[in-house]
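Remarks on the structure that follows.
Taken together, the values in this text are just the output of simple stated rules run on the coordinates, not laboratory data. For clarity, every value in this text was computed on a predicted model and none was experimentally measured.
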Amino acid sequence: MGLFSFFKREENYEEILSSLEQDMRQAEKQRALAAERMEWWAHNWLFYTGVGWLAYAVGFALYVWPERHDTQASGFLLHATLVATVPLAVYYGNRAIRTLWHRVIGRHDARIARLQGELRERLDELKKKTAYDSTKNLIDRFSAGETAPADAEARGPAGRLRQQEAKNRRRTMPNFGTPATQAGGKASAPDT
């Protein structure tokens, strides 16, 4: 014990690991929210600009196109250009929205990966500090003669038969009759 050893605080791995796990869950929620927002923005952009373009194209077809030879149609070329190029603006606007939101999602993915790496690193550090792997190997090596009651029960012909029966019960289709007909007996008519 040194003079200032009381200042050194023992690391509480449970708190550290739980805070890392909580941060990871929060980052995953934020990523899911960002993906949801991206879809919302992209769909709204497509819907409202598409409706606007459609209204403009209908107006062009109804009012500008019939008067293209008159002297009043001085902006015909401008309107025709807009009708032809606005779909490109809608498409590339949607691509820009998705690209920007994918960058945000990428940042969340990087944060999640960093937190997972830090969590893995802390777990390895804890395993080294407590000699987890060597202790587990020793326990597995020298407790081979001891079996748990559940393992002893599962071994042998009776245990295998019970496991096979349980598996067969899960595989069969349910009979939607009464419990008496499921057991193989005859269903009796209710007394009235």
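Per-residue HN-Hα couplings for segment 114-130, Karplus 6.51 cos²θ - 1.76 cosθ + 1.60 at θ = phi - 60°, whole Hz, x for Gly and Pro?
With the stated coefficients, segment 114-130 comes to 5, 5, 5, x, 5, 5, 4, 5, 5, 5, 5, 4, 5, 4, 5, 5, 9 Hz.
Could you run the Karplus curve 6.51 cos²θ - 1.76 cosθ + 1.60 with θ = phi - 60° over segment 80-92 and give me ³J(HN,Hα) per residue in whole Hz, x for Gly and Pro?
5, 5, 5, 4, 7, 9, 4, x, 5, 5, 5, 4, 6
Please work out how much length the chain gains when fully extended from Leu138 to Arg95, using 0.36 nm per residue of separation minus the C-alpha to C-alpha distance, in nm with one decimal.
Details: separation 43, 0.36 × 43 = 15.48 nm, distance 5.78 nm.
This chain segment gains 9.7 nm when fully extended.
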